[in-house]
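A short worksheet on the structure shown next.
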Amino acid sequence: MSILSRITNVFRRDVSRDIDEEFEGHIADAIEHGRDPAEARRAFGSPLQLREQSRDLRLLPWLDSLRADAVFGMRQLLKRKVTSLAAILSLGLAIGACTAAFRLIDALLLRPLPVAGASRLYMLYRQGIGFDGKPQTFDGWAYPSFELMRAAVKDQADLLAVSYAEQVDVTYRSDQEMEKVYLQYVSGRMFPDFELRPALGRLLSERDDISPGAHPYAVLSYDYWARRFDRNPNVLGQTFHMGERIYQIVGVGPAAFTGTETGTVTDVFVPTMMHPGAIRNDQTWHRSLALLKPGVAVEPVRANLHATSRAFELDRAKGFTGMTKQSIEHFIDQTLMLAPAASGASGIQQEFRRSLIALGVLVALVLLIACANVANLMTAQAAARAREMALRVAIGAGRWRLVQLVLVESAWLAFLAASLGGIFAWWAAPFVVGRINPPDNPARLPLPADFRVLAFGLALTLAVTFLFGLAPALRASAVRPASALKGGSDPHARRRLMHALVGVQVAFCFLVIFIAGLFAATFDRLSHREFGFAPDRVLTLDTVAQHAQPSVFWDQVTDHLRTVPGVESVALAGWPLLTPNGWNGFVSVNGAPPGPVLAYFLSVSPGWVEAMRTPLIEGADFRPADTASGGAIVNETFVRQYFNGASPLGQAFAKGRSRYHVIGVARDAPYRSLREPILPVAYVPFPTAIRTATFIVRTSSANPLALASTLRQEIPRARPEFRVSNIRTQADLVRAQTVRERLLAMLALFFAAVALLLATIGLYGVLDYSVLQRRREIGIRMAIGAQASDIARRITREVFAMVMVGAIAGLALGLASVRYIETLLYRVNATGPAMLLPPLLVILAAAFLAALPAVFRAVRIDPVASLRAD
């Protein structure tokens, strides 16, 4: 009989009937031939033995036993609906959280780009001491340096320049229809080297990337083509304006490729030679990727690139002015490194790598707590089924068959929990992605439910089955029939196992709560730090002009906006505070040589201090005469750094060829980020003509966005040369600074609550089982006069001892884990009582609540009834 037929017979209900009918047919044939019926049946032998032998030939015995155990296991789950549902829900939540974390980690850090040779793709970066004297890594490169490195390793690797994906303003028809797109400047060789094929038209090639500004061609990503043009093939040949250039669309990229910056979907690709900094050696505006040729080792390529890069920087440093010798040495003495970039290269990866790994560890701990919880449940059930297992052994069941029986029941729990967890993961992963970046710049990660996720889910389900099912299965298979049937099995051994699992649960629970507390404290401290300005009711309007416009035109728009109803004050700034923009340089004070510390600058107009509500410590705001004569307002850190804390009013300082004199001192305020220390900042006047700037508008309304559409219309009405490219509130910019911390705190607190709930349920189950097993002992003690307090102490003593042991172990794990997450923390003393005591108190409170029902049940035991019971 074929294997397929034998497999099919396993799931047929009438196999035994067919065998019986066949036996009866043979006996009937013998009787027809004149044999005595009794003699004919004796000649056939034992019907039961023949039936078993025939079944073994007609089907696969191991598969049949597995099917029978699966049916029995499902009946056992249905028999204990409430217990089974609790186990499935707890495991499902933990498995779903683990699967969702894997989807995020896979999409951001592991999944290779859909390009040829992704495993041979590396990103170039430098590490060393920065201009500020602190260790740093930097992945930006000047294009002339890139060209030299590309030529140096042309026989070993293909070097590709890919700019940072940035939002730019483009117009397809008129300036009135300005829209933002994510754009990347890329090497013409990128598409051919990645072996990508166009969905429409053609892709960029090496001949498009030869001369600066000579080939204004653009390739749209398939995603952008579908969203913006509804897959219209007539998009080929259309043009759009970006800055002062007109670009022609020549093709659409393949559907799977959305750029090399993971977490951002690039809309438009243009040649690197179209970038304004393509021939400048003082602008680092792109990443460099190395696609190694097959069989080429990494280290020789790295050494070659490092030597070439160092020679370029040495030559460039000869023209540096206004820098200290030490700063120049730090700049030159950097090491070029190659990092694997099979999954792309992006700022989101760098920022969220540790965060996602930390979350992955948290959900793994929650899963282990859930597994320990269910293992305790299964151990208790195994104790209740000891006689059943003994009877199975007594009638011939093997030890492996008992292990299989319990593991199959565990597999049912794991499979049902995994199904529930899959639904949770399907919702949770996109939910988290939607909160990685601010709303105006959302992260976009593909989260396909493909074979990678399916394989992870299957492996996780199998691991969970063995984690919580193996120990109860082995203990069930070790049952001694004679002892179990007499009721003489040792309950202390089971209690020891369950108490050990309680200790494990408490240790992991303490660790999860401790880490969640660190993340919550970080978010609280960061969001409540001193700002130095009032972000509420402030609207920022990023504004651009086709060409640089005189400052008087910008002043006309500023004056016009002040007349709009609902506007309290208006000023102009180069960009809003707490954005990634920056402008820095070394400063010399009163003709002295430049210092070693970088100073930062921001162009502002008169009235900016008032609009931002930034207090002036001394001096005054800008006046028209100050802007023309080089006045500057500096912050307190600038005064401490460059004037030793003395009054700087009237003092002069210079940055390069620009000369300034201090007219005021403003309160310290964060410049780029809430996480970094306060930088020395000078607020200086605008140059005579500018192309881009930001209007800072303080409104009288609590909701400044109510004026957004009005102000967007009023700016071009005042000067038709200007267009608003982006509108944000300063409060949103502040909130955007805490996106990572808010996400970590929210998720960590959620997992801490789940871990605490699971640990409490597990502790309750162990205590309840202890009362059940010691019911007779408790009855005897109460009969001879034991007090309720003595009973409660005896019931909870061992378990609470394991709770304390687990808490101490969790504390040690927590302190050991701090150094791995310290970069995610902000001004948090992880070893202080404020961080260590709350997890301990929360766990003790949960243990007390879990113990109350078991203690009440124990002290209400009827001694007479307990002595009569088995």
Mind pulling the angle between the C-alpha long axis of helix 739-773 and the longest principal axis of the chain? Nearest 10 degrees, somewhere in 0 to 90. 20 degrees
Expected field for SER551, accessible surface area in Å² at 1.4 Å probe radius, rounded to 10, holds 40 Å²
Per residue, how much accessible area does segment 538-734 show when a 1.4 Å probe rolls over the protein heavy atoms, in square angstrom? 40 Å²
Kindly list the residues of segment 825-849 that lie in the label zone of ARG793, defined by a backbone N under 13 Å from the point 7 Å along the Cα-to-C-beta vector. none
In the chain, if every C-alpha pair distance is counted and binned at 10 Å from zero, what percent goes to each bin? 2, 10, 15, 18, 16, 13, 10, 8, 5, 2, 1, 0, 0, 0
Under the 7 Å Cα-to-Cβ spin-label approximation, ARG529 and ARG712 lie apart by a distance in nanometres of 3.2 nm
Rounded to the nearest 500, what is the chain's calculated 222 nm mean residue ellipticity when only DSSP H runs of at least 4 contribute -39500 (n - 2.57) each, over all residues? -17000 deg cm²/dmol
Distance (nanometres) between label positions extended 7 Å along Cα→Cβ at ARG659 and ARG640: 3.1 nm
Could you rank THR637, THR284 by how accessible they are, 1.4 Å probe, largest area first? THR284, THR637
Taking 0.36 nm per residue of separation and subtracting the Cα-Cα distance, what length does fully extending ALA812 through GLU195 add? 217.0 nm
What FRET efficiency, computed as 1/(1 + (r/R0)^6) with R0 = 30 Å and r the Cβ-Cβ distance, is obtained for ARG354 and ALA459, rounded to the nearest 0.05? 0.80
I need the shape label for segment 747-847. Rule: rounded when a/c is under 1.5, else prolate if a/b > b/c, else oblate, with a, b, c from the alpha carbon gyration tensor. prolate
Label-to-label distance, nm, for residues given as LEU649 and GLN556 (7 Å Cα→Cβ offset): 3.7 nm
Net length gained if the chain between ILE332 and VAL298 were fully extended (0.36 nm per residue, minus Cα distance): 10.0 nm
List the trypsin sites (Lys or Arg not before Pro) in segment 732-837 that DSSP assigns to loop (not H, G, I, E or B) and whose Cβ has at most 15 other Cβ atoms within 10 Å. Which are they? ARG827
Residues of segment 186-224 with amide N under 11 Å of the 7 Å Cα→Cβ point at ARG691: none
So if I place +1 on the C-beta of Lys and Arg and -1 on the C-beta of Asp and Glu, and nothing else carries charge, what would the dipole magnitude of the chain be about its Cα centre? I want it in debye, nearest 20. 2440 debye
Using 0.36 nm per residue of separation minus the Cα-Cα distance, give me the extension gain between ARG819 and ALA38 in nm, one decimal. 272.8 nm
Which lysines, if any, have their Cα less than 25 Å from the Cα of LYS154, not counting same-chain residues under 8 positions apart? LYS293
Need the C-alpha centroid separation for segment 584-638 versus segment 86-110, integer Å. 51 Å
Of the candidates LEU763, PHE751, VAL828, the farthest towards the positive dipole end of the chain (Lys/Arg Cβ +1, Asp/Glu Cβ -1, centred on the Cα centre) is LEU763
So how exposed is TRP427, as accessible area in Å² (1.4 Å probe, rounded to 10)? 130 Å²
On Cα atoms only, tilt of 491-527 relative to the major axis of the chain in degrees: 10 degrees
In square angstrom, rounded to the nearest 10, how much accessible surface does HIS547 have for a 1.4 Å probe? 100 Å²
Whether segment 118-348 is rounded, prolate or oblate, judged on the alpha carbon gyration tensor where a/c under 1.5 counts as rounded: prolate
In what sequence, largest accessible area first, do GLU610, GLU244, GLU618 appear using a 1.4 Å probe? GLU244, GLU610, GLU618
Sort ARG75, ARG657 by heavy-atom solvent-accessible area, probe 1.4 angstrom, most to least. ARG657, ARG75
Under 20 Å from a point 7 Å along the Cα-to-Cβ line of GLU568: which residues of segment 678-696 have their amide N that close? 695-696
May I ask you to derive the FRET efficiency for PHE229 and ALA625 from their Cβ-Cβ distance with R0 = 51 Å, giving the value to the nearest 0.05? 0.45
Sparsely packed trypsin sites (Lys or Arg not before Pro) within segment 235-293, loop by DSSP, other Cβ within 10 Å at most 16: ARG280
Would you list which lysines come within 23 Å of LYS325, measuring only between C-alpha atoms, while excluding same-chain residues fewer than 8 positions from it? LYS134, LYS655
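The values are calculated or read from the model by the stated rules, or taken from the named source; none is laboratory data. Everything numeric here is computed off the predicted structure, so don't read it as measured data. All Cβ positions, glycine included, derive from the backbone under ideal geometry; neighbour counts span all protein chains shown. Side chains are part of the model used for accessible areas, which takes the heavy atoms of the whole protein and leaves out ligands, DNA and RNA. Shrake-Rupley method; radii C 1.70, N 1.55, O 1.52, S 1.80 Å.
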